[in-house]
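Worksheet: the structure to be examined is printed underneath.
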Amino acid sequence: MNVLSVFPVLSVIFGLVLIVFILFNKFGLGNNKKIRYVLASLLFIYVITALDYYLSITNQISTTYSGVTYFFYHFTGLLFYYFIALYTKSEIKIKKWLPIVVGYTVLRILVFLPFDHNQNLQDFVAALETSNYGIFVLVEYILVSCINIALMFLAYKKLKKAPLLIELNKSQKNLYKWIKIIIVVIILMQIVVFVTTILGSLDIGHFNFYLKFETLIYSIFFFIFAFSIMHFPVFAYSGNFEDLSTSAIEKYAKSSLSDSSALFKQIKAVVNEESLYLDFDLKLNTVAKKLDQSIHHISQAINQNAKMSFPDFISSFRIEEAKKKLMEPKPAKIFAIYLDVGFNSKAAFYTAFKKHTQMTPTEFKKFHKPRD
């Protein structure tokens, strides 16, 4: 038996095990279940793709079901981007992406509908080479693949730019570098899959080899990413005590922090009196060092008493400061205000302001405008 023939089956088995692991173990993914569901959905697409390839290689599947897998493939870039956005606690502009997603989903449906239900996949691909429909399929595949690759590249940029709320130790820095390398490899993997699919459609005699090779790539790289991402805690982005692993929460819950309310008062005092919130790059470590406490105790005290994460807690101080500036007789430009109070982007300022006041800064400014 060819060694490559084993990888589609191994990919399916390992992928299903990993999906169960992601859904039912906390580790570094935090308490936001949506992150788990999105990552599990992404892996599931690769699992059914590997299964599809195995059935295609063994001639046990019609183009109908292969087409279903082909249809799901176009969601991989979007799900990957959405996962990174959730993982890094970044803002997601759904209105911006919705028309794009709907547009190329409709395009993919139009390509999928004419599939010949009576052919196997190899015969179908071979037939495409001699038809005008084949050119349409090729162009559509190139377009969707480019969108997927572009979305993954944007996800990588988002991960690099997302601010960390803790100072990483040496092992965490190495893991963070490793995760960025894995994401780069995944982007390269998508490019390789794109190329091999084109080659496979042009070289139908070796079509099965290209399918096996693609599942080999899936089984090695994408599952390494899923395993790695769970060991770099989302806590580093959220600062939320509940995003720590179950073992860490239990450890600190039973620790020397007997009265979190007393520590919380100290945190509020030092953040307010020393205006720490004006530092847009403020980290948990800064507050922890000033009060001679662990970052986990600081996060725990905020989470238990303010019922919010560290970023939201700091944002509350910034918003109060911004409100004062907006209510001045001649307030400065909003651009100047959000920089003055510690925000490093307009989007972050607007999101936080709306969250804390149920109004945009502009609405708040008009509402509190002095009346003659």
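The values are calculated or read from the model by the stated rules, or taken from the named source; none is laboratory data. None of these values were measured; they are calculated from a predicted model. Quick reminder, even Gly has a Cβ in these numbers, built from the backbone with ideal geometry, and neighbours come from all protein chains shown. Calculation scope for accessible area: heavy atoms of the full protein, side chains included, ligands and nucleic acids excluded. Shrake-Rupley method; radii C 1.70, N 1.55, O 1.52, S 1.80 Å.
For segment 340-353, what are the residues that are at pLDDT 90 or above and part of a helix (DSSP H, G or I)?
Within segment 340-353, ASP340 is the sole residue that qualifies.
Output yes when any residue across segment 37-52 is touching a residue at least 60 places away in the same chain (Cβ under 8 Å), surrounded by 15 or more Cβ atoms within 10 Å (Cβ to Cβ) and over 18 Å from the mean Cα position of the chain (by Cα), and no when none is.
Among the residues of segment 37-52, at least one is touching a residue at least 60 places away in the same chain (Cβ under 8 Å), surrounded by 15 or more Cβ atoms within 10 Å (Cβ to Cβ) and over 18 Å from the mean Cα position of the chain (by Cα), which makes the answer yes.
Out of curiosity, is ASN169 surrounded by fewer than 18 Cβ atoms within 10 Å (Cβ to Cβ), more than 24 Å from PHE280 (Cβ to Cβ) and either among the hydrophobic types (A, V, I, L, M, F, W, C) or at pLDDT 75 or above (or both)?
no
Could you run through segment 292-307 and say how many residues are under 27 Å from the mean Cα position of the chain (by Cα) and surrounded by fewer than 19 Cβ atoms within 10 Å (Cβ to Cβ)?
Matching residues across segment 292-307 total 3.
Can you find a residue that is surrounded by fewer than 17 Cβ atoms within 10 Å (Cβ to Cβ) and at pLDDT below 75 anywhere in segment 222-230?
Yes, because at least one residue in segment 222-230 is surrounded by fewer than 17 Cβ atoms within 10 Å (Cβ to Cβ) and at pLDDT below 75.
Suppose we filter LYS289, LYS251, LYS268 for residues that are closer than 27 Å to ILE337 by Cα and either out of contact with any helix residue (DSSP H, G or I) (no Cβ under 8 Å at 6 or more places or on another chain) or modelled with pLDDT of 90 or more (or both); which single one remains?
Answer to the selection: LYS268.
Can you name every residue in segment 76-90 that is of a type outside the set (Gly, Ala, Ser), in a helix (DSSP H, G or I) and either more than 16 Å from ASP243 (Cα to Cα) or touching a residue at least 60 places away in the same chain (Cβ under 8 Å) (or both)?
THR76, LEU78, LEU79, PHE80, TYR81, TYR82, PHE83, ILE84, TYR87
Identify the single condition in (1) under 27 Å from PHE367 (Cα atoms); (2) in contact (Cβ under 8 Å) with a residue 60 or more places away in the chain; (3) assigned to a loop (DSSP other than H, G, I, E, B) that ASP281 does not satisfy, given that it satisfies every other one.
Every condition holds for ASP281 apart from (1).
Does segment 284-302 hold any residues that are in contact (Cβ under 8 Å) with a residue 12 or more places away in the chain and not polar (S, T, N, Q), and which are they?
Hits for segment 284-302 are LEU284, VAL287, LYS290, LEU291, ILE295, HIS296, HIS297, ILE298, ALA301, ILE302.
Consider LYS324 carefully, then state whether it is farther than 25 Å from LEU168 by Cα, free of Cβ contacts under 8 Å to residues at least 12 places away in the same chain and not in a helix (DSSP H, G or I).
For LYS324, the condition - farther than 25 Å from LEU168 by Cα, free of Cβ contacts under 8 Å to residues at least 12 places away in the same chain and not in a helix (DSSP H, G or I) - is not met.
Being of a type in the set (Ser, Thr, Tyr) and in a helix (DSSP H, G or I) is the filter; apply it to segment 308-321 and report the residue that is surrounded by the most Cβ atoms within 10 Å (Cβ to Cβ).
Checked segment 308-321; the qualifying residue surrounded by the most Cβ atoms within 10 Å (Cβ to Cβ) is SER315.
Considering only segment 261-275, state which residues are within 18 Å of ASN344 (Cβ to Cβ) and surrounded by fewer than 18 Cβ atoms within 10 Å (Cβ to Cβ).
Within segment 261-275, SER275 is the sole residue that qualifies.
Those residues that are open to solvent by 80 Å² or more (accessible area, probe 1.4 Å) and either within 29 Å of LEU282 (Cα to Cα) or of a type in the set (Asp, Glu) (or both), I need them from segment 131-156; list them, please. I'd like the intermediate steps shown before the answer.
Step one: filter segment 131-156 for residues open to solvent by 80 Å² or more (accessible area, probe 1.4 Å), giving 132, 135-136, 139, 143, 153.
The answer is PHE153, and nothing else.
Check VAL68, VAL6, VAL20 and return the single one that is modelled with pLDDT of 85 or more, more than 15 Å from PHE225 (Cβ to Cβ), aliphatic (A, V, I, L, M) and open to solvent by 20 Å² or more (accessible area, probe 1.4 Å).
Numbers: VAL68 fails: modelled with pLDDT of 85 or more; VAL6 fails: modelled with pLDDT of 85 or more.
The conditions single out VAL20.
Please pick out the residue among LYS289, LYS333 that is under 29 Å from ASP259 (Cβ atoms), open to solvent by 40 Å² or more (accessible area, probe 1.4 Å) and of a type in the set (D, E, K, R).
LYS289
For residues in segment 327-337 being part of a helix (DSSP H, G or I) and touching a Pro at 6+ places or on another chain (Cβ under 8 Å), which is nearest to ILE166 (Cα to Cα)?
Filtering first and then ranking leaves ILE337.
Taking the criterion of being of a type in the set (A, V, I, L, M), more than 17 Å from ASN32 (Cα to Cα) and either in a helix (DSSP H, G or I) or at pLDDT 90 or above (or both), would at least one residue in segment 232-248 satisfy it?
So far as segment 232-248 goes, no, none of its residues is of a type in the set (A, V, I, L, M), more than 17 Å from ASN32 (Cα to Cα) and either in a helix (DSSP H, G or I) or at pLDDT 90 or above (or both).
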